[in-house]
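**Student:** Just dropping this structure here.
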Amino acid sequence: MRRLDLIKEALRGALSTGRYMALGSMDGLLASLGAVLSASLRGGTLHDVVSSGLSVAVALALSNGLGSYLGEKIEELREIRRLERRMILNRGELESTRVHDLARVRIYTSVISHGGSSFAASMIPILTVIAIGDPRAGAVPCVIVSGVALFLLGAYLGRLCGDRGGRLLLRGLEMAGVGGIVGVVTHLIGAH
């Protein structure tokens, strides 16, 4: 499989990977919300708030992406070694095969979806405060927009689980509640 085909396949897979996208989105949104609220409520300038949010966004995207790479690589190599043993092959004989190429696609998919969704969701609180233009005045809208995003993420996770109707509402409220807890904790720590 050519490198470009491998990358295209990984990108396609990343867009269809709900689990890593949901985890990364939740991580990114909550961590960035915490950083933005803390900097805002401490009286930071718009530059301070955006800087805090962006540093968290980049750190989390790299951490989640590289963590996924290392974790998935170990899992995929273990599975390839298991297949080699079951097929009575020598160690490494499946390398440079379609099985190995597909394992690499799954690894890259996890990196793109987990790291990319972390960064993208981190932008929600940051962009909200930028749109308002004033960190203190932007704190409440930031919480509201982030809460709505978390609700939608919870509903999306419910859909992944096969939930419908009232269960989707419950999943959305559950996720928004997690965001509320983060907001309260952040306020208690960062505003004083």
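Read-outs: derived from the displayed coordinates by stated rules, not from any lab. Please read these numbers as outputs of a predicted model, since none were measured by experiment. Here Cβ is always computed from backbone atoms with ideal geometry, including for glycine, and neighbour counts include all displayed protein chains.
**Student:** Using a basic spin-label model with each label point 7 Å from the Cα along Cα→Cβ, how many nm lie between Ile189 and Ala120?
**Tutor:** With each label point 7 Å from Cα toward Cβ, the separation is 2.7 nm.
**Student:** Could you work out the per residue convex hull volume over the alpha carbons of the chain, in cubic angstrom?
**Tutor:** Details: hull volume 25.0 nm³, N = 192.
For the chain, the hull spanned by Cα atoms encloses 130 Å³ per residue.
**Student:** How would Ser32, Ser118 line up from fewest to most surrounding beta-carbon atoms within 10 angstrom?
**Tutor:** On the way: Ser32 28, Ser118 31.
Lowest to highest Cβ neighbour count: Ser32, Ser118.
**Student:** May I ask for the Rg/Rh ratio of segment 96-192, computed from Cα atoms with Rh as the Kirkwood radius, given to two decimals? Mind showing how you got there, number by number?
**Tutor:** Values: Rg = 17.7 Å, Rh = 15.7 Å.
Using Cα coordinates only, the ratio equals 1.13.
**Student:** Related question: Tabulate in residue order the Karplus-calculated ³J(HN,Hα) for segment 78-93, using 6.51 cos²θ - 1.76 cosθ + 1.60 with θ = phi - 60°, rounded to whole Hz; enter x for Gly and Pro.
**Tutor:** 4, 5, 5, 5, 5, 4, 4, 5, 5, 8, 6, 10, 6, 4, x, 5
**Student:** May I pose another question? With 10 angstrom as the radius, rank Ile74, Ile124, Ile130 by how many other C-beta atoms surround their C-beta, starting from the fewest. Display every interim value, and only then the final one.
**Tutor:** Values: Ile74 11, Ile124 21, Ile130 15.
Sorted ascending by nearby Cβ count, the order is Ile74, Ile130, Ile124.
**Student:** From the phi angles alone, apply the Karplus equation (6.51, -1.76, 1.60; θ = phi - 60°) to segment 35-47 and give each ³J(HN,Hα) in whole Hz, x where the residue is Gly or Pro.
**Tutor:** Here the 3J(HN,Hα) series is 5, 5, 5, 4, 5, 5, 6, 7, x, x, 6, 4, 4 Hz.
**Student:** As an exercise, use a Förster radius of 41 Å and the Cβ-Cβ distance of Leu4 and Arg136 to find the FRET efficiency, rounded to the nearest 0.05.
**Tutor:** Plugging the Cβ-Cβ distance into 1/(1 + (r/R0)^6) gives 0.30.
**Student:** Working from Cα positions, state the angle (0 to 90°, nearest 10) between the long axis of helix 166-190 and the longest principal axis of the chain.
**Tutor:** Relative to the chain, helix 166-190 is tipped by roughly 60 degrees.
**Student:** Could you run the Karplus curve 6.51 cos²θ - 1.76 cosθ + 1.60 with θ = phi - 60° over segment 124-139 and give me ³J(HN,Hα) per residue in whole Hz, x for Gly and Pro?
**Tutor:** 3J(HN,Hα) across segment 124-139, in whole Hz: 4, x, 5, 5, 5, 5, 4, 4, 6, x, 10, x, 5, 5, x, 4.
**Student:** Name all residues of segment 116-151 having a backbone nitrogen under 11 Å from the label point set 7 Å from the Cα of Glu75 along its Cα→Cβ direction, giving them as ranges.
**Tutor:** Taking a point 7 Å out along Cα→Cβ of Glu75, no residue of segment 116-151 has its backbone N under 11 Å.
**Student:** Tell me the mean residue ellipticity at 222 nm calculated for the chain from its helices only (DSSP H runs of n ≥ 4, each -39500 (n - 2.57), averaged over every residue, nearest 500). Don't skip to the answer; put the middle values down first.
**Tutor:** Working: 6 runs with 164 residues, N = 192.
For the chain, the value works out to -30500 deg cm²/dmol.
**Student:** Still on this structure, please answer the following. How high is the relative contact order of the chain, given as a whole-number percent (alpha carbon pairs under 8 Å, six or more residues apart)? Let's see the in-between values first.
**Tutor:** Details: 285 pairs, mean separation 65.6, N = 192.
Reported as a whole number, the value is 34 percent.
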